[in-house]
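**Student:** Let me begin by handing over the structure; questions about it come next.
Coordinate-derived values only; no laboratory data. Worth saying up front: this structure is predicted, and the values here are computed from it rather than measured. Heads up, the Cβs are rebuilt from the backbone with ideal geometry, glycines too, and the neighbour counts pull from every protein chain shown.
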Amino acid sequence: MSKEKQAGSSKKQLSTREAKVLIPILKTLNKSTKLLIKLFTKKLSHQEEQTRKIRVLIEDMFVPPNHQSQISVTTLDMGKTLVKEKNQIGYNQIMKWEKDYRNRNRGTLL
């Protein structure tokens, strides 16, 4: 009966001599697997970081809506402006804002 129990179980007790031979081998194997696990962990964290960067780039991208652009055009006469006060003769004058407007960069003046 004892042989039948041993044949069915997967555990096997090692002799002292076998254990002394296998212990250094298992220690080396454990060190190697720890290094391999660290390597895989670093690779996984790097890939997750890259995925986060890509996700942020995609979320921050602005896709303009599908519509036509319009340009707002305003015309104004730069130069002498006819100033006329009530019941008086008119005269030409350069306005104060026109001098200031030329110095500011407000786009293209046509």
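**Student:** How far is it, in nm, from the label point at residue 43 to the one at residue 94 when both lie 7 Å from their Cα along the line to the Cβ?
**Tutor:** 7.4 nm
**Student:** Something else now. Can you give me the long-range amide H partners of residue 81? Hydrogens built in the peptide plane at 1.01 Å from N, cutoff under 5 Å, separation of 5 or more residues or another chain.
**Tutor:** Long-range HN contacts for residue 81: 93, 94, 95.
**Student:** May I ask for log10 I(q)/I(0) of the range 13-60 at q = 0.13, 0.22, 0.29, 0.33 Å⁻¹, from a Debye sum over the Cα atoms as equal point scatterers with solvent left out?
**Tutor:** -0.53, -0.78, -0.94, -1.03
**Student:** If the cut-off is a Cα-Cα distance under 18 Å, which lysines reach residue 27, setting aside same-chain residues fewer than 8 apart in sequence?
**Tutor:** Excluding near neighbours in sequence, the set is 38.
**Student:** Test of understanding: ordering 29, 82 by Cβ neighbours within 10 Å, fewest first, what list do you get?
**Tutor:** Listed from fewest to most nearby Cβ atoms, that is 82, 29.
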